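In what follows, a single structure is set out as structure tokens and then discussed.
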Amino acid sequence: MNSINAYWHPLALALMLLSVMAYAPYASYAQQDNGSNALTVEGKATTAPSPTMDYVETAAELATYGLTERDPMALVTAARILINAGAQESEATREGEAGAPDTGEKTRPDVDFTPEGLLNAAREMAEGNESVTAMVDQTQSMMGQDRGRIPKPGTFSDRVSARSTDRWNLGSFRGGELAEVRVRGDGDTDLDCYVYDHNGNLIDSDTDYTDYCILRWTPRYTGSFRLYVRNLGSIWNGYYGATN
């Protein structure tokens, strides 16, 4: 067994254990009567999650761990998951931010939540470690291959300043099909998330006391939606997002 495979085996086992923990309950919907382009979900916990979004979420958790602990193999694993899930850069575009300046300091770097961004960070961390560098090279050779997964999730990432709100144009979602957005922060502050339709109607929100948001709805017809990511803390939060 070569050094790459010896290093990879426990990570593969960990991912297999994570995969069996996925929860897939049933969905229930109630139509809004405020003229919005959406059918809202009755209770997020009863909504069936998207398998590909679960893979992307696992990648986000590993990426956050890898950047915090400076573990290049965690970043490589996250990149491989994104590639195998067929993830691609989301058509979501950041429209602006409004808020207060940051206070405090953080050492966690900002990295694009894409296979290329994660692998570049892993290569920098693994400088001088030939076995990890070889794994980075091997994973990079997988990029650009059509993995055949449909639908392909889109990913985006950024940092929201202290007591600020990032605004994203998510683009269009198909009418009659479940739409899903997930946002995972770096764990340092509370993030609240809101989705609005093109008429400014609030479609869904996640305002608990964590920086992990799940938003799901079913558009009545194909249309565009916006995401607001609000940071309630006194320091910036680097977050990853995904759309189905």
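First obtain the Kirkwood hydrodynamic radius of the range 169-244 from its Cα pairs, then insert it into the Stokes-Einstein equation at 37 °C and 0.692 mPa s, and state the resulting D in µm² per second as a whole number.
Numbers: Rh = 12.7 Å.
D, rounded to a whole number, is 259 µm²/s.
Taking a probe of 1.4 angstrom, what is the accessible area of Glu61 in Å², to the nearest 10?
80
What do you reckon, how do Arg226, Arg163 stack up by accessible area (1.4 Å probe), largest on top? Show your work: numbers first, answer last.
Details: Arg226 80, Arg163 115 Å².
If we order Arg226, Arg163 from most to least accessible, we get Arg163, Arg226.
The values are calculated or read from the model by the stated rules, or taken from the named source; none is laboratory data. These figures come from a predicted structure and were not determined experimentally. With ligands, DNA and RNA removed, areas are computed over all heavy atoms of the protein, side chains included. Shrake-Rupley method; radii C 1.70, N 1.55, O 1.52, S 1.80 Å.
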